[in-house]
Amino acid sequence: MFGHLLKTRKYLSIREVDGYEQRLKNGEKKRDLEKNEVRKSLQLLGLDSAVGYKESGQPYLEKYPDLFVSISHSKGWFAVCVSEQPVGIDIELENPRILEGASYFVNGREQHFTNDLRALHLVWGAKEAFYKLKEGKIGDLKNEVTLLSIEEDKTLKLEFENTVYGFDFEQENGVTVVVN
């Protein structure tokens with residue numbers, strides 16, 4: 001799965017954790033589980049490092065301070081991307097309830113995406129990944145960041161402060177991943 005994204009990035013891990021929900025039901029603390037699984041993802045990438053957090057909430061690798069890291073998880077799925085440049089990633093499981101909440105993140109220029117469940121996940125995923133890329137330094141994510149297009153080559157175009165940014169995406173088996 002996610003071959004397109006994995007082929008183009010040296011340090012990208014996208015994986016589902018077996019038994020995630022059962023582990024939570026058995027009493028494992030969610031925060032500890034997530035921390036351990038992120039660490040495991042980093043180890044699989046050959047980057048065994050603890051994750052620290054800046055005041056902005058932006059994660060960093062304690063053993064590799066010159067690298068950038070972005071982390072996302074959703075109901076047992078984990079995505080970790082490490083790069084020499086600032087990076088943002090988001091992973092989401094398809095959920096029809098996103099239609100009900102679209103008004104919270106879709107602006108007027110994006111209304112044509114609201115009737116398509118998969119497109120709405122891309123709008124949300126792109127904005128989340130972009131927010132992480134910019135270390136949260138965006139005042140109004142709904143109105144300041146606009147998804148302009150979803151391309152057939154699995155790229156997205158976003159606009160922020162009159163600049164267009166490109167992101168890659170894949171959607172497989174109800175899972176959406178967006179990364180710059």
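Give, rounded to the nearest 20 debye, the magnitude of the charge dipole that the chain has about its Cα centre when Lys and Arg contribute +1 at Cβ and Asp and Glu contribute -1 at Cβ.
Details: 25 positive and 30 negative charges, 101 e Å.
That gives the chain a dipole magnitude of about 480 debye.
For region 87-175, how big is Rg over Rh, using alpha carbon atoms and the Kirkwood form of Rh? Can you show the working numbers first?
Details: Rg = 12.0 Å, Rh = 13.0 Å.
Rounded to two decimals, Rg/Rh equals 0.92.
Counting C-alpha atoms alone, how compact is the chain: give Rg to one decimal and Dmax as a whole number, in angstrom.
According to the Cα coordinates of the chain, Rg and Dmax are 16.1, 49 Å.
Roughly what angle does helix 117-133 make with the longest principal axis of the chain, taking Cα atoms, 0 to 90 degrees, to the nearest 10?
Helix 117-133 sits at roughly 60 degrees to that axis.
Which one of 14, 42, 115 is farthest out on the positive end of the charge dipole of the chain, using unit charges on Cβ (Lys, Arg +1; Asp, Glu -1) and the Cα centre as origin?
Checking the options against the dipole of the chain, the answer is 42.
Compute the normalised compactness of region 29-118: alpha-carbon radius of gyration over 2.2 N^0.38 Å, N being the residue count.
1.32
Which one of 51, 162, 101 is farthest out on the positive end of the charge dipole of the chain, using unit charges on Cβ (Lys, Arg +1; Asp, Glu -1) and the Cα centre as origin?
About the Cα centre, the residue reaching furthest to the positive side is 51.
Using a Förster distance of 22 angstrom, determine the FRET efficiency expected from the C-beta separation of residue 44 and residue 131, and round it to 0.05. Provide the component values of the computation, followed by the final result.
Numbers: r = 26 Å, r/R0 = 1.16.
Efficiency, rounded to the nearest 0.05: 0.30.
Of 54/157; 10/75; 54/142; 35/63; 35/75, which ones are farther than 19 Å apart at the Cα?
Values: 54/157 28 Å; 10/75 25 Å; 54/142 24 Å; 35/63 16 Å; 35/75 14 Å.
Flagged as over cut-off: 54/157; 10/75; 54/142.
Tell me the mean residue ellipticity at 222 nm calculated for the chain from its helices only (DSSP H runs of n ≥ 4, each -39500 (n - 2.57), averaged over every residue, nearest 500).
-8000 deg cm²/dmol
Considering only C-alpha atoms, what is the centroid distance from region 89-122 to region 34-56, in Å?
Cα centroid to Cα centroid, the span is 29 Å.
Find the accessible area per residue for region 1-125; the probe is 1.4 Å, ligands and nucleic acids are left out, and the unit is Å². Please report the intermediate quantities before stating the final value.
Working: 7290 Å² over 125 residues.
Accessible area per residue: 58 Å².
The values are calculated or read from the model by the stated rules, or taken from the named source; none is laboratory data. Bear in mind the structure is a predicted one, so any value in this text is a computation, not a measurement. Reconstructed Cβ throughout: ideal geometry from the backbone, glycine too, with neighbour counts over all protein chains shown. For accessibility, only protein heavy atoms count, side chains too; no ligands or nucleic acids. Shrake-Rupley method; radii C 1.70, N 1.55, O 1.52, S 1.80 Å.
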